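Rule-based calculations on the coordinates, nothing more; no lab input. All values reported here derive from a predicted model rather than from experimental measurement. Neighbour counts run over all protein chains shown; Cβ positions are idealised from the backbone, glycine included.
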Amino acid sequence: MKLINILPGLLALVYLTGCNKKINNDPDVLKPDLELSLKDAATFPIGVGVDYDPFMANGNYTNIIKAQFDNATAGYVMKHGAIVQGNGALNFNRADAFVNAVTGAGMSVHGHTLCWYQNNNGNYLRDLITVPSNPNLVTDGSFEVAGSGSAPFANWSVYNGPALISAGSGTNETYGGSRSLKAAPVTASDAWRVQIASNPMPLTIGAGYKVRFYAKAATAGGKFRLSNSGGQQFAQYSNDYPITTSWAPYEWTFTTNEASKQILFDMGASPNTYYVDSVSVTLAAQTNFSELQLRVDTTLKNFITSMVTRYKDRVHAWDVINEPFDDNGVVRSGTSVSDAFYWGDYLGDRDGSKKLLTNGDSMIAKAFRYARAADPTAKLFLNDYAHETNNVKMDSLIALITRLKAKGVPIDGVGLQFHMTYLVSNTAIDNALMKMAKLGLLVKITELDISVNLGDQQNPQTANFVLSPTMLPQQAAKYRYVAESYLRNVPEAQRAGITIWGVGDADSWLRNRTPYHTKDYPLLWDDNYNRKEAFNEFLTGLQLK
């Protein structure tokens with residue numbers, strides 16, 4: 001499905017044909033066996049995409065669903081964004097109510113969906129992968145700001161040996177910028193006898209901090225140490241650093257025992273001329289990408305395991321992965337905004353240089369294995385759209401499933417959404433179903449609707465769409481052809497069913513496409529829940545012998 005949280009309330013409902021079995025006696029639409037319900041006419045499961053609010057209202061919408069369909073797929077309430085709260089907790093209230101209502105009516109639930117790039121709690125997931133800033137706590141670590149009077153630096157205090165400490169300048173004495181710290185002890189003595197200290201900086205007791213600086217000496221054999229102090233009794237000391245005659249980086253990591261510290265360079269032990277530049281103090285333990293991957297993996301595993309385990313006695317089929325491919329046949333990648341989150345950017349395959357690859361096998365395999373571990377008997381599907389019209393995407397799907405099967409990934413079926421227009425060729429429909437059937441998996445049409453408004457939703461002219469007299473008959477013929485093609489091209493043992501993505505035209509997700517796609521008539525019932533010609537033709541197609 002391409003959109004999401006579909007349709008709040010119902011329009012005024014005029015009458016229901018699905019329950020009272022009223023038949024349109026117009027000879028143009030009258031077909032044999034029209035007294036049958038869809039589920040009674042079919043030899044395989046017939047499902048429907050369901051919006052929570054109208055279904056729970058128990059009106060005509062609900063009655064049609066109960067009378068016509070074997071199973072229901074929730075449009076939104078079983079998705080990550082509906083379940084996962086801002087703090088990561090899981091709220092199953094609406095999902096529980098939906099599953100209870102559907103199964104209580106003698107129908108089954110097709111779980112939708114465990115991993116998708118849309119309809120996530122995006123804020124929670126973005127918080128999960130946000131790396132806290134790690135600022136340099138040292139003020140003027142490059143010694144650029146001169147002090148007042150005889151003080152060489154504004155933000156550093158010379159405690160001992162003031163005559164021996166000055167500002168370095170020129171390209172030979174600086175690592176970056178125009179100034180550096182220059183210290184020139186002339187005799188060997190205690191390290192602290194030539195000493196300069198940073199301004200105090202706030203720290204968190206027990207946290208690790210890393211001091212990093214660049215240094216060089218005028219002659220070989222030089223050395224100095226670092227220390228810190230917030231109170232004499234709590235000072236900490238580094239080992240001596242042998243300083244080379246070329247600029248080089250040096251680091252000292254310490255766990256602080258005080259809430260405020262100064263960093264001191266103790267440079268009096270070995271006579272030489274020393275230059276120091278680019279001093280920084282940062283938190284030592286920074287989150288790396290591997291940690292972010294682990295966080296994302298853990299939260300995905302928790303969501304899948306929690307969902308499948310909770311409903312394992314009532315939900316026996318799941319769309320584990322939904323819409324993994326972009327329209328170019330590459331696994332989706334992108335920037336997380338709103339409810340979008342691209343799981344493959346963190347869990348996808350990478351090469352030796354850590355570059356993200358385009359196949360996505362690792363992420364997809366993880367999701368299927370987590371679902372199988374939670375319920376060994378559930379049927380697990382990979383669901384996607386446009387394979388009947390996009391050969392590149394179809395080829396990518398076939399290649400992916402072939403690889404997954406070779407790796408022993410527990411995938412049971414493939415879902416073809418079949419969001420199509422009434423002008424899609426019959427050959428394209430046949431080819432999609434035949435190619436999927438050849439994979440040997442269960443084949444399910446998961447979100448069938450047939451649009452008659454072909455306009456781009458970004459085009460204002462789409463809002464001016466006018467239904468012509470030939471469109472609905474052509475749509476009806478296409479519904480019939482889909483049913484017949486499914487029966488002809490998918491072996492009986494592989495038929496997992498057909499799901500219609502909505503009840504009446506007014507309920508369709510296509511009516512919610514923004515900003516210019518409010519006029520479409522893609523389903524089997526009209527806005528007032530009268531059966532359309534599409535219903536009759538689809539019903540007839542289901543009875544193909």
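How big is the antiparallel share of DSSP beta bridges in the range 24-155, given as a percent to the nearest 5? Intermediate values should be presented prior to the final figure.
Numbers: 1 of 8 bridges.
Antiparallel bridges: around 10 percent, rounded to the nearest 5.
Taking amide H positions as placed 1.01 Å from N in the peptide plane, with prolines and chain starts having none, which residues 5 or more places from L439, or on another chain, fall under 5 Å of its amide H?
Long-range HN contacts for L439: none found.
Place a +1 charge on the Cβ of each Lys and Arg in the chain and a -1 charge on the Cβ of each Asp and Glu, then give the dipole magnitude about the Cα centre in debye, rounded to the nearest 20.
Working: 48 positive and 49 negative charges, 210 e Å.
With Lys and Arg at +1 and Asp and Glu at -1, about 1020 debye.
Return the long-range amide H neighbours of Y422 (sequence gap of 5 or more, or a different chain), with a cut-off of under 5 Å between placed amide H atoms.
HN-HN under 5 Å from Y422: S451.
Once you keep just the Cα pairs under 8 angstrom separated by 6 or more residues, what percentage relative contact order results for the chain?
Details: 1178 pairs, mean separation 87.9, N = 545.
Once normalised by length, the contact order is 16 percent.
Enumerate the calculated ³J(HN,Hα) couplings along the range 502-513 in order (Karplus 6.51 cos²θ - 1.76 cosθ + 1.60, θ = phi - 60°), each rounded to whole Hz, writing x wherever the residue is Gly or Pro.
So the Karplus estimates, Gly and Pro as x, are x, 9, x, 3, 5, 8, 5, 4, 5, 6, 9, 5 Hz.
Would you mind listing how long the chain runs along its three principal axes, going by Cα atoms, in whole Å with the largest first?
112, 48, 46
Please report, in debye to the nearest 20, how large the charge dipole of the range 251-391 is about its Cα centre when each Lys and Arg carries +1 at its beta carbon and each Asp and Glu carries -1 there. Kindly include the intermediate steps, with their values, before the conclusion.
Details: 14 positive and 19 negative charges, 122 e Å.
Computed charge dipole of the range 251-391: roughly 580 debye.
How far is helix 361-374 tilted off the main Cα axis of the chain, in degrees rounded to 10, range 0 to 90?
70 degrees
Could you tell me the calculated FRET efficiency between T187 and V145, based on Cβ-Cβ distance and R0 = 41 angstrom, to the nearest 0.05? Please report the intermediate quantities before stating the final value.
On the way: r = 30 Å, r/R0 = 0.74.
My answer for the efficiency is 0.85.
Which far-off residues, 5 or more places away or on another chain, put their amide H under 5 Å from the one on V109, with H placed in the peptide plane?
Those qualifying (amide H under 5 Å, at least 5 residues apart or on another chain) are A72, H316.
Nearest 500 deg cm²/dmol is fine: what mean residue ellipticity at 222 nm does the chain get from its DSSP H runs of n ≥ 4 alone, each adding -39,500 (n - 2.57), divided by its residue count? Please list the in-between numbers first.
Numbers: 14 runs with 143 residues, N = 545.
About -8000 deg cm²/dmol.
Angle check, please: helix 533-542 long axis (alpha carbons) against the longest principal axis of the chain (alpha carbons), in degrees 0 to 90, nearest 10.
Between the helix axis and the principal axis of the chain, the angle is about 90 degrees.
Mind checking the angle between helix 471-489 and the chain's longest principal axis? C-alpha axes, 0 to 90 degrees, to the nearest 10.
So the helix axis and the longest Cα principal axis differ by about 80 degrees.
Using the Karplus curve 6.51 cos²θ - 1.76 cosθ + 1.60 with θ = phi - 60°, what ³J(HN,Hα) values do you get for each residue of the range 82-96, in whole Hz, with x for Gly and Pro?
Each residue's phi maps through the Karplus curve to give 7, 9, 7, 8, x, 9, x, 5, 10, 10, 9, 4, 6, 5, 4 Hz.
So what are the ³J(HN,Hα) numbers for the range 236-250, from phi and the Karplus equation (6.51, -1.76, 1.60; θ = phi - 60°), rounded to whole Hz, Gly and Pro as x?
For the range 236-250, the Karplus-derived couplings read 10, 10, 8, 6, 5, 9, x, 9, 7, 8, 10, 4, 8, x, 9 Hz, x marking Gly and Pro.
With point charges of +1 on the Cβ of Lys and Arg and -1 on the Cβ of Asp and Glu, referenced to the Cα centre of the chain, which listed residue (Y521, A534, L356) lies farthest in the positive direction of the dipole?
L356
With Rg and the Kirkwood Rh both taken from Cα atoms, where does Rg over Rh land for the range 156-283?
Numbers: Rg = 13.9 Å, Rh = 14.7 Å.
Rg/Rh: 0.95.
Would you work out if the range 334-408 is rounded, prolate or oblate? Take a ≥ b ≥ c from the square roots of the eigenvalues of the alpha-carbon gyration tensor; rounded if a/c is under 1.5, else prolate when a/b is larger than b/c, oblate otherwise. It would help to have the intermediate numbers written out before the result.
Working: a/c = 1.31, a/b = 1.11, b/c = 1.18.
Here the range 334-408 falls in the rounded category.
Please find the FRET efficiency linking T204 to A340, where r is the Cβ-Cβ separation and R0 is fixed at 35 Å, and quote it to the nearest 0.05. Mind dumping the intermediate values first?
Values: r = 35 Å, r/R0 = 0.99.
Efficiency for this residue pair is about 0.50.
Determine the dipole magnitude for the range 156-283: charges of +1 sit on the beta-carbon of Lys and Arg, -1 on that of Asp and Glu, nothing else is charged, the reference point is the Cα centre, and the result goes in debye to the nearest 20. Could you put the intermediate results ahead of the total?
Details: 9 positive and 7 negative charges, 22 e Å.
Using only the charged Cβ atoms, the result is roughly 100 debye.
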